[in-house]
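Engineer: Mind having a look at this structure? Questions to follow.
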């Protein structure tokens with residue numbers, strides 16, 4: 001059964017293009033604009049640190065979205081939404097638990113979010129993993145990208161707490177992720193299990209940049225933690241497939257997917273595909289000391305900054321849709337900044353965007369607009385768009401701590 005995640009993302013491809021600029025120097029476009037805001041927030045809110053803002057967004061979500069031990073998909077509710085959020089937005093709350101704990105908040109937050117995660121665990125006999133909706137709601141699809149973002153947070157929780165449960169569960173989920181690769185189209189991963197080795201046609205019979213990049217990142221991290229060669233071999237192979245098959249050589253960014261039946265490439269580009277290839281490339285550089293991985297990550301970062309930013313009302317903004325995708329790119333820039341000082345400039349633009357959003361792109365309930373410039377509310381009601389801000393403020397707070 002194909003969950004509504006498919007319907008949502010397919011419509012996304014038609015309705016939202018990538019907002020970007022082809023000019024390699026965004027700064028050259030920047031004109032002096034009016035920086036005043038129509039609805040400035042109270043002075044006491046303006047004075048919050050990024051760490052405190054991360055916690056404030058978390059508290060807002062608890063107030064508006066909490067449903068039992070889980071969360072609602074949207075607030076206010078939208079037509080046809082499920083009883084509980086799908087796994088994808090729930091993972092945004094796992095990230096919140098990790099980043100808030102790393103910032104020094106009570107571990108009870110982390111424990112609560114990971115406890116709730118188990119509602120999605122399909123403990124089947126072959127390749128158990130997390131499914132798209134809570135198991136109490138019935139069987140749903142098993143997505144390779146969903147499992148990968150869960151694995152990323154399990155790995156992070158293990159690094160933060162040392163609890164072996166998280167590493168063992170990450171190993172289990174990684175086995176499922178690795179099963180998504182086969183030799184069709186030369187390699188790469190399918191999007192979800194239901195349309196994998198047996199598919200012959202249709203839009204979902206394809207190999208995807210996001211699943212392949214996530215898989216390369218997760219397995220390279222697993223190698224760093226376990227030193228098990230199977231993970232390194234897999235990470236290198238899938239990274240190379242993505243690089244050679246779905247990278248646009250004109251700008252070092254990544255097309256979305258390649259259809260198996262037609263061999264046609266879906267040329268739309270998303271911030272998170274660039275982000276995960278940057279992050280996987282940095283991991284592989286750290287593992288191998290091969291400078292090419294780092295060079296490729298830097299080339300993608302340069303182009304991502306150029307292509308995924310534009311000038312809005314006199315200020316540089318990253319694309320004004322898909323907040324969570326954009327925050328993945330922020331996290332990638334922070335990881336890369338250890339090796340590339342130019343990346344600090346890209347992070348600074350993100351920080352200015354986030355500060356602007358705090359002042360000028362929130363509604364009366366404290367929810368952030370999807371468009372951080374404040375010009376359009378967009379899909380502000382979706383849990384994932386709100387959870388993205390916890391990660392954004394938290395990642396920046398940790399980055400600032402490391403800079404001081």
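Engineer: Does residue 297 meet the test of being surrounded by 24 or more Cβ atoms within 10 Å (Cβ to Cβ) and either more than 21 Å from the chain's Cα centre (by Cα) or within 17 Å of residue 351 (Cβ to Cβ) (or both)? Steps first, please.
Structural biologist: Working: surrounded by 24 or more Cβ atoms within 10 Å (Cβ to Cβ): yes; either more than 21 Å from the chain's Cα centre (by Cα) or within 17 Å of residue 351 (Cβ to Cβ) (or both): no.
It is false that residue 297 is surrounded by 24 or more Cβ atoms within 10 Å (Cβ to Cβ) and either more than 21 Å from the chain's Cα centre (by Cα) or within 17 Å of residue 351 (Cβ to Cβ) (or both).
Engineer: Go through the residues of the stretch 380-395 one by one and say whether even a single one is surrounded by fewer than 23 Cβ atoms within 10 Å (Cβ to Cβ), part of a loop (DSSP other than H, G, I, E, B), at pLDDT 95 or above and touching a strand residue (DSSP E or B) at 6+ places or on another chain (Cβ under 9 Å).
Structural biologist: Checking the stretch 380-395: at least one residue is surrounded by fewer than 23 Cβ atoms within 10 Å (Cβ to Cβ), part of a loop (DSSP other than H, G, I, E, B), at pLDDT 95 or above and touching a strand residue (DSSP E or B) at 6+ places or on another chain (Cβ under 9 Å).
Engineer: Okay, moving on. Which ones in the stretch 245-266 are within 23 Å of residue 197 (Cα to Cα) and either out of contact with any helix residue (DSSP H, G or I) (no Cβ under 8 Å at 6 or more places or on another chain) or free of Cβ contacts under 8 Å to residues at least 24 places away in the same chain (or both)? Steps first, answer last, please.
Structural biologist: Taking the stretch 245-266 and keeping what is within 23 Å of residue 197 (Cα to Cα), we get 245-246, 255-266.
Those that are within 23 Å of residue 197 (Cα to Cα) and either out of contact with any helix residue (DSSP H, G or I) (no Cβ under 8 Å at 6 or more places or on another chain) or free of Cβ contacts under 8 Å to residues at least 24 places away in the same chain (or both): 259, 261, 262, 264, 265.
Engineer: Check 85, 147 and return the single one that is in contact with a helix residue (DSSP H, G or I) (Cβ under 9 Å, 6 or more places away or on another chain), surrounded by 18 or more Cβ atoms within 10 Å (Cβ to Cβ), in a loop (DSSP other than H, G, I, E, B) and modelled with pLDDT of 95 or more. Steps first, answer last, please.
Structural biologist: Numbers: 147 fails: in a loop (DSSP other than H, G, I, E, B).
Only one candidate passes the filter, namely 85.
Engineer: Has the stretch 187-203 got any residue that is out of contact with any strand residue (DSSP E or B) (no Cβ under 7 Å at 6 or more places or on another chain) and crowded, with 24+ Cβ neighbours inside 10 Å?
Structural biologist: Checking the stretch 187-203: not a single residue is out of contact with any strand residue (DSSP E or B) (no Cβ under 7 Å at 6 or more places or on another chain) and crowded, with 24+ Cβ neighbours inside 10 Å.
Engineer: If I ask for residues that are over 27 Å from residue 229 (Cβ atoms), crowded, with 20+ Cβ neighbours inside 10 Å and touching a strand residue (DSSP E or B) at 6+ places or on another chain (Cβ under 6 Å), which ones from the stretch 242-255 would you list? So that I can check it myself, show each step before the final result.
Structural biologist: From the stretch 242-255, those over 27 Å from residue 229 (Cβ atoms) are 248-253, 255; that's our starting set.
Of the ones still in play, those that are also crowded, with 20+ Cβ neighbours inside 10 Å are 252-253.
Across the stretch 242-255, the qualifying residue is only 253.
Engineer: Which numbered condition in (1) within 23 Å of the chain's Cα centre (by Cα); (2) modelled with pLDDT under 95; (3) more than 30 Å from residue 192 (Cα to Cα) is the only one that residue 64 fails?
Structural biologist: Unmet for residue 64, out of (1) within 23 Å of the chain's Cα centre (by Cα); (2) modelled with pLDDT under 95; (3) more than 30 Å from residue 192 (Cα to Cα): (2).
Engineer: Of the residues 206, 152, which single one is within 20 Å of residue 95 (Cβ to Cβ), modelled with pLDDT of 95 or more and under 23 Å from the mean Cα position of the chain (by Cα)?
Structural biologist: Numbers: 206 fails: within 20 Å of residue 95 (Cβ to Cβ).
Result: 152 is the single residue among 206, 152 that is within 20 Å of residue 95 (Cβ to Cβ), modelled with pLDDT of 95 or more and under 23 Å from the mean Cα position of the chain (by Cα).
Engineer: Does the stretch 104-123 include one or more residues that are crowded, with 24+ Cβ neighbours inside 10 Å, in contact (Cβ under 8 Å) with a residue 60 or more places away in the chain and assigned to a helix (DSSP H, G or I)?
Structural biologist: no
Engineer: Taking residue 141, is it over 18 Å from residue 380 (Cα atoms) and part of a loop (DSSP other than H, G, I, E, B)? Don't jump to the end; show me each part of the working.
Structural biologist: Details: over 18 Å from residue 380 (Cα atoms): yes; part of a loop (DSSP other than H, G, I, E, B): yes.
Judged against the criteria, residue 141 is a match.
Engineer: Out of (1) crowded, with 24+ Cβ neighbours inside 10 Å; (2) within 18 Å of the chain's Cα centre (by Cα), what's the single condition that is false for residue 369?
Structural biologist: Every condition holds for residue 369 apart from (1).
Engineer: Need the failing condition index for residue 289 against (1) in contact with a strand residue (DSSP E or B) (Cβ under 8 Å, 6 or more places away or on another chain); (2) at positive phi, just the number.
Structural biologist: Only one criterion in (1) in contact with a strand residue (DSSP E or B) (Cβ under 8 Å, 6 or more places away or on another chain); (2) at positive phi is unmet by residue 289, namely (1).
Engineer: Can you say whether residue 89 is touching a residue at least 24 places away in the same chain (Cβ under 8 Å) and within 17 Å of the chain's Cα centre (by Cα), as far as the supplied structure shows? So that I can check it myself, show each step before the final result.
Structural biologist: Numbers: touching a residue at least 24 places away in the same chain (Cβ under 8 Å): yes; within 17 Å of the chain's Cα centre (by Cα): yes.
Yes: the conditions hold for residue 89.
Engineer: For residues in the stretch 157-184 being in contact with a helix residue (DSSP H, G or I) (Cβ under 7 Å, 6 or more places away or on another chain) and in contact (Cβ under 8 Å) with a residue 60 or more places away in the chain, which is surrounded by the most Cβ atoms within 10 Å (Cβ to Cβ)?
Structural biologist: Per the criteria, the residue is 157.
Per-residue answers, yes or no, for (1) without any contact (Cβ under 8 Å) to a residue 12 or more places away in the chain; (2) more than 23 Å from residue 281 (Cα to Cα):
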| position | (1), (2) |
| --- | --- |
| 317 | no, yes |
| 331 | no, no |
| 341 | yes, no |
| 358 | no, yes |
| 366 | no, yes |
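Engineer: Could you please let me know if residue 235 is assigned to a helix (DSSP H, G or I) and either in contact with a strand residue (DSSP E or B) (Cβ under 7 Å, 6 or more places away or on another chain) or surrounded by fewer than 20 Cβ atoms within 10 Å (Cβ to Cβ) (or both)?
Structural biologist: Working: assigned to a helix (DSSP H, G or I): yes; either in contact with a strand residue (DSSP E or B) (Cβ under 7 Å, 6 or more places away or on another chain) or surrounded by fewer than 20 Cβ atoms within 10 Å (Cβ to Cβ) (or both): no.
No.
The values are calculated or read from the model by the stated rules, or taken from the named source; none is laboratory data. Predicted model only: the values in this text are computed from it and were never measured. Every residue, glycine as well, gets a Cβ built from its backbone with ideal geometry; the counts of neighbours run over all protein chains shown.
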